[in-house]
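For reference, the structure is listed below as structure tokens.
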Amino acid sequence: MLPRCGSQLGLRFMLEANSTLSKPLVLVVEDEAALATMLRYNLEKQGFRVEEAADGQEALTRIAEVQPDLVLLDWMLPVMSGIEVCRQIRRRTNTRDLPVIMVTARSEDQDAVRGLNTGADDYITKPFSMDALLARMRALLRRSNTVPTKVRLQFHDITMDLASHRVSRNGRPIHLGPTEFRLLEFFMQHPRRVFSREELLDAVWGPDIHVEPRTVDVHIRRLRKSINGEGELDVVRTVRAAGYALDTEPV
Ligand code: CA
């Protein structure tokens, strides 16, 4: 459970601190027009910018277009359910860390727990108070602000641009398949750390995907083949009985 934060002062302070950059952008995904309007009114009053989507498919489109800082995601939505939207958000490299709060009706409480399992950061049950919602939003935004999403990753002579999805080594462009891209991204976010095949499966393929741990070896091989040019150092280290790491040190 999140700590409850009664004071509005903290939130104002945070929003003011942020306003030099820009106000946090919230995507409200809600098919009940009256509730969406109420949320927009109250969130804008609290210093947020608000975008809206009325169904699951539109939500994914809007997320790609406006790149919100946080998504308020209704559970029951037309076209595509909130839970499926959440899965898609977590599956995509550039939205994997996007904070998501699932909004459920009381009768859907059991489902909400399932929602958290599929990757929502938190959930709130209708009807809710704005104070309760703001407390959750604040906690999530603070967490994501302290660890800002890096757009550009660098390791040794490898550069990864997450915005343009480009990878290069020594200035030479490298073309990676989607899985190898996510694998390398994960390694570059945790350089020199050794991960087991199971950990890599969980982080890169997702906990719901069931594939053999040996699949990791196949993609590691492809990754090596793509990033290691003639005479270049192999930066993927195999650690016997433990797993793999992105490292420049020899075994
Ligand atoms: Ca709904």
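The values are calculated or read from the model by the stated rules, or taken from the named source; none is laboratory data. Bear in mind the structure is a predicted one, so any value in this text is a computation, not a measurement. Cβ: placed from backbone, ideal geometry, glycine included. Neighbour counts: every protein chain shown. Heads up: the accessible areas ignore ligands, DNA and RNA and are worked out on the full protein's heavy atoms, side chains in. Shrake-Rupley method; radii C 1.70, N 1.55, O 1.52, S 1.80 Å.
Any residue at all in segment 200-213 that's free of Cβ contacts under 8 Å to residues at least 12 places away in the same chain, over 23 Å from the mean Cα position of the chain (by Cα), loosely packed, with under 15 Cβ neighbours inside 10 Å and not assigned by TED's automatic domain parsing to the domain that holds Arg96? Among the residues of segment 200-213, at least one is free of Cβ contacts under 8 Å to residues at least 12 places away in the same chain, over 23 Å from the mean Cα position of the chain (by Cα), loosely packed, with under 15 Cβ neighbours inside 10 Å and not assigned by TED's automatic domain parsing to the domain that holds Arg96, which makes the answer yes. In segment 58-78, of all residues being more than 16 Å from the ligand (Cβ to nearest atom) and part of a loop (DSSP other than H, G, I, E, B), the one that is farthest from Arg138 (Cα to Cα) corresponds to Gln67. The sole residue among Asp69, Asp55 that is open to solvent by 60 Å² or more (accessible area, probe 1.4 Å), closer than 16 Å to Met102 by Cα and at pLDDT 90 or above is Asp69.
Residue count for segment 32-51 under the criterion of being outside any helix (DSSP H, G or I) and more than 13 Å from the ligand (Cβ to nearest atom): the result is 6.
In this structure, does Leu162 turn out to be in the same structural domain as Leu25 (by TED's automatic domain parsing) and in contact (Cβ under 8 Å) with a residue 60 or more places away in the chain? Full working, then the answer.
Numbers: in the same structural domain as Leu25 (by TED's automatic domain parsing): no; in contact (Cβ under 8 Å) with a residue 60 or more places away in the chain: yes.
Criteria not met by Leu162.
Just to check your reading of the model, which residue among His175, His190, His210 is on the phi < 0 side of the Ramachandran plot and modelled with pLDDT of 90 or more? Working first, answer last.
Details: His190 fails: modelled with pLDDT of 90 or more; His210 fails: modelled with pLDDT of 90 or more.
That would be His175, the only listed residue that is on the phi < 0 side of the Ramachandran plot and modelled with pLDDT of 90 or more.
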